[in-house]
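Single-structure report; data block below.
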């Protein structure tokens, strides 16, 4: 008997907590409002199912609790009912899956005009590389990483000379321009995670992963690592600053290129480099 | 559908065993320690699983203390925190849940429910337990090893699992973990083959597959799955151990650790993830399917009604088991694998929701027009439905690939899997123990302590994990020893975290009442008799309670019907035992 009451309280309490509690996602700052919409649809459908199933269960427990002399009804199965329930459930699942796959298609389709930006993770800091004036990132390899070349950019690739290198600094991006974020790790798994952007992706040593988004409002956003990467995991923080065009260009002008960073080393090297 | 009225072959020859002496153990050691009796082995498995589970429970308190009150416990450094989280997860999933459902309930119930004297290979069965115990001891040893246990997370993702930035990565921790897992799998394979062969070959006369209780269907399907899934983990462990010890590069690409070029090259960290989750996802159902089966039987017995849609329930178990082998990469949507796989795995994952939902419907339809006795096993079963439904529905968030993107690696995931494969199966374990304790000991568990245990556990566990989803929705990542006050958390979650911690401590202490009840009732529990619930399945029809060695005395039972003949119209009682030939006279006078 008490259990029927508690089941009702669980449903009512859960719904009230959902509606009234102040804990909700952080305001979005990217084009992935679609994801938020899909999430809200999912909350509605699943919430409805949860409430109706548990309330029905509470009713059954209340209505059919043991009474002296009562006997249960003998009813092994009902094909009709089971078929109906299968169909209704399948429709509900399709209603969740269809918008989900639709948005996923957008998520994996990078627009042609997206600019590349590379994020490089290592225990436990973030570095970045922008393609420079030629719009292309130079080749890179973990084997080339050394004290003078912390990101492993290939000095033989001419496309890399004008790459902008931001080592352990903050990334700036222009607002309203789509970016393809290329993700690279030089040691273990990491995950580039900015809650306001909604999108995230693991960074895997030995390969380049990616996602794309369009920042939709200016401001500073915290970067967190979302894939366990050792004892410093929780302290691997960084910042992304979304700027207006003028601020962005001003910032970009102050950043060193790969060629500029390499120059002093070349001068000091015993043998002239190509 | 129901075989009760079907023609029964009255000329079934008796399976009489005139002389059992040869098979009986001859000393105290072979009766209680190196026992080959599945019932004793079941208790050994359960005792060991509970013992190591207590360790995991204490570890969970430490996790929650750190999250609710950061810095309160000063020995919880980041290293210690990740070690605690890793060991808690691994112990709960593998060494407690898998071992308890299959090694514990499987061993106790399979021979009794199919009407066999014992497992088909009793010696191998015994060996299975001792290797499991060894695996647990190796696991425990890692707590005392230099550098402590591994802190790689229970998923043990390389490269970090075997590098110096992770606790135990360059010390003994990870090696002991891998060795322990390999031992576990070897031990489990021995037991698992036994469970499968016993169910297929050891059934008594009349016990067709479609007359078996759903408990057996759940355990059987889960065991087959485990036999197919664990090898993937086994080879992953072997390869990782080679990478760590011999310097191979199965999972290790060229990489630079702390400014130093390592000698690895060419391997794939994602390969490990595929192997791990090819095991890891079926593992969820290896835990869930026995729980599904057991809870079906608890509901049926205590609602005095046959399980609704038995055939559908059986097929749902089998279909879920099969489908669970093609959904593994839904754990890897943001792993960096080709994102187009997302379409396939999201579809298979959401399809699995259909048979699972049908099971939930059928449990509730079993209650409909039933005669519901709100005894402890029924209460736990109801609580299971609520928590499982809740956890299953949040699975629709995480399985739907694009919704998973913002939520993955957050506390939402932690809340989801605790609800669905932590709380829900454990509630079933409790329900099952309240249900079968009388058969195992001949005494009832204390009702008052049981009710206290139930209410605190159910309400408390819900209070822990329901709000935790919202911590994740805010964006709080999992596996963070300390979050601080980042700007994206617009409403601080400290208060909520402290609340969850207090709830977790309370629920944790309620489990001590349960353990006390188990020990106390051994001597002081009310004598139960052989069939206190009026249950129809075979294990309640043994000539002795607790069942003796060989289970059935001289003569094996003959099965005439399925396990769910409750409240059959015209029957003298509200249940007809499986070995009751009603309405025909007995096959032969006993």
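The residue list B:286, B:270 contains one member that is within 9 Å of chain A (Cβ to nearest Cβ), in a helix (DSSP H, G or I) and within 25 Å of residue B:184 (Cα to Cα), which is B:270. Does residue A:173 satisfy being modelled with pLDDT of 95 or more, under 27 Å from residue A:204 (Cβ atoms), in a strand (DSSP E or B) and within 14 Å of another protein chain (Cβ to nearest Cβ)? Criteria not met by residue A:173. Under the condition of being outside any loop (DSSP other than H, G, I, E, B) and either out of contact with any strand residue (DSSP E or B) (no Cβ under 7 Å at 6 or more places or on another chain) or assigned by TED's automatic domain parsing to the domain that holds residue B:72 (or both), the residues counted in the stretch B:471-499 number 9. Give the residue that is nearest to the other protein chains (Cβ to nearest Cβ), with candidates limited to residues of the stretch B:483-499 that are in contact with a helix residue (DSSP H, G or I) (Cβ under 6 Å, 6 or more places away or on another chain) and touching a residue at least 24 places away in the same chain (Cβ under 8 Å). Among those residues, the one meeting the criterion is B:496. Note on the stretch B:473-482: among residues that are surrounded by 16 or more Cβ atoms within 10 Å (Cβ to Cβ) and at the interface with another protein chain (Cβ under 7 Å from one of its Cβ atoms), the one that is nearest to the chain's Cα centre (by Cα) is B:479. Taking the stretch A:36-61 as the range and being farther than 14 Å from residue B:365 by Cα and surrounded by fewer than 18 Cβ atoms within 10 Å (Cβ to Cβ) as the test, the residues that pass are A:36, A:37, A:40, A:41, A:43, A:44, A:45, A:47, A:48, A:51. For the stretch B:194-248, filtering for residues that are free of Cβ contacts under 8 Å to residues at least 40 places away in the same chain and either in a helix (DSSP H, G or I) or surrounded by 15 or more Cβ atoms within 10 Å (Cβ to Cβ) (or both) leaves 8.
Among the residues of the stretch B:249-261, which ones are out of contact with any strand residue (DSSP E or B) (no Cβ under 7 Å at 6 or more places or on another chain), in contact (Cβ under 8 Å) with a residue 12 or more places away in the chain and part of a loop (DSSP other than H, G, I, E, B)? If the condition is that a residue be out of contact with any strand residue (DSSP E or B) (no Cβ under 7 Å at 6 or more places or on another chain), in contact (Cβ under 8 Å) with a residue 12 or more places away in the chain and part of a loop (DSSP other than H, G, I, E, B), then B:249, B:250, B:251, B:252, B:254, B:258 are the ones that fit.
Residue by residue, here is whether (1) in a strand (DSSP E or B); (2) outside the structural domain of residue A:100 (by TED's automatic domain parsing); (3) without any contact (Cβ under 8 Å) to a residue 12 or more places away in the chain; (4) closer than 23 Å to residue B:307 by Cβ holds:
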site	(1), (2), (3), (4)
A:36	no, no, no, no
A:45	no, no, no, no
A:54	no, no, no, yes
A:61	no, no, no, yes
A:72	no, yes, yes, yes
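Select from the stretch B:317-349 the residues that are facing chain A (nearest Cβ under 10 Å) and under 24 Å from the mean Cα position of the chain (by Cα) and write down the one among them that is surrounded by the fewest Cβ atoms within 10 Å (Cβ to Cβ). The residue in question is B:332. With respect to being farther than 30 Å from residue A:223 by Cβ and either surrounded by fewer than 16 Cβ atoms within 10 Å (Cβ to Cβ) or more than 7 Å from chain A (Cβ to nearest Cβ) (or both), residue B:502 fits the description. Among all positions in the stretch B:450-458, there is no residue which is outside any loop (DSSP other than H, G, I, E, B) and in contact with a strand residue (DSSP E or B) (Cβ under 9 Å, 6 or more places away or on another chain).
Please tell me if residue B:35 is modelled with pLDDT under 95, closer than 24 Å to residue B:129 by Cβ and crowded, with 20+ Cβ neighbours inside 10 Å. Yes. Out of all the residues in the stretch B:431-448, which are part of a helix (DSSP H, G or I) and within 26 Å of residue B:40 (Cα to Cα)? Scanning the stretch B:431-448 gives B:431, B:432, B:433, B:434, B:435, B:436, B:437, B:438, B:439, B:440, B:441, B:447. Could you say whether any residue in the stretch B:395-403 is surrounded by fewer than 24 Cβ atoms within 10 Å (Cβ to Cβ) and either in contact with a strand residue (DSSP E or B) (Cβ under 8 Å, 6 or more places away or on another chain) or closer than 30 Å to residue B:301 by Cα (or both)? Yes: one or more hits.
The number of residues in the stretch A:18-70 that are facing another protein chain (nearest Cβ under 7 Å) and touching a strand residue (DSSP E or B) at 6+ places or on another chain (Cβ under 7 Å) comes to 4.
Scanning the stretch B:402-412 finds no residues that are within 10 Å of chain A (Cβ to nearest Cβ) and under 14 Å from residue B:292 (Cα atoms).
Is it the case that some residue within the stretch B:544-561 is touching a helix residue (DSSP H, G or I) at 6+ places or on another chain (Cβ under 6 Å) and within 14 Å of chain A (Cβ to nearest Cβ)? Among the residues of the stretch B:544-561, at least one is touching a helix residue (DSSP H, G or I) at 6+ places or on another chain (Cβ under 6 Å) and within 14 Å of chain A (Cβ to nearest Cβ), which makes the answer yes. Scanning the stretch A:184-203 for residues that are within 7 Å of chain B (Cβ to nearest Cβ) and not in a strand (DSSP E or B), we see that the one that is nearest to the chain's Cα centre (by Cα) is A:199. Out of B:44, B:66, report the one residue that is more than 22 Å from residue B:125 (Cα to Cα) and either in contact (Cβ under 8 Å) with a residue 12 or more places away in the chain or touching a strand residue (DSSP E or B) at 6+ places or on another chain (Cβ under 6 Å) (or both). Result of the check over B:44, B:66: B:66. For residue A:181, the test of being modelled with pLDDT of 95 or more and more than 10 Å from every other protein chain (Cβ to nearest Cβ) is passed.
The values are calculated or read from the model by the stated rules, or taken from the named source; none is laboratory data. Because the structure is predicted, anything quoted here is derived from the model rather than measured. Don't worry about glycine lacking a Cβ; one is built from the backbone with ideal geometry, like all the others, and counts go over all protein chains shown.
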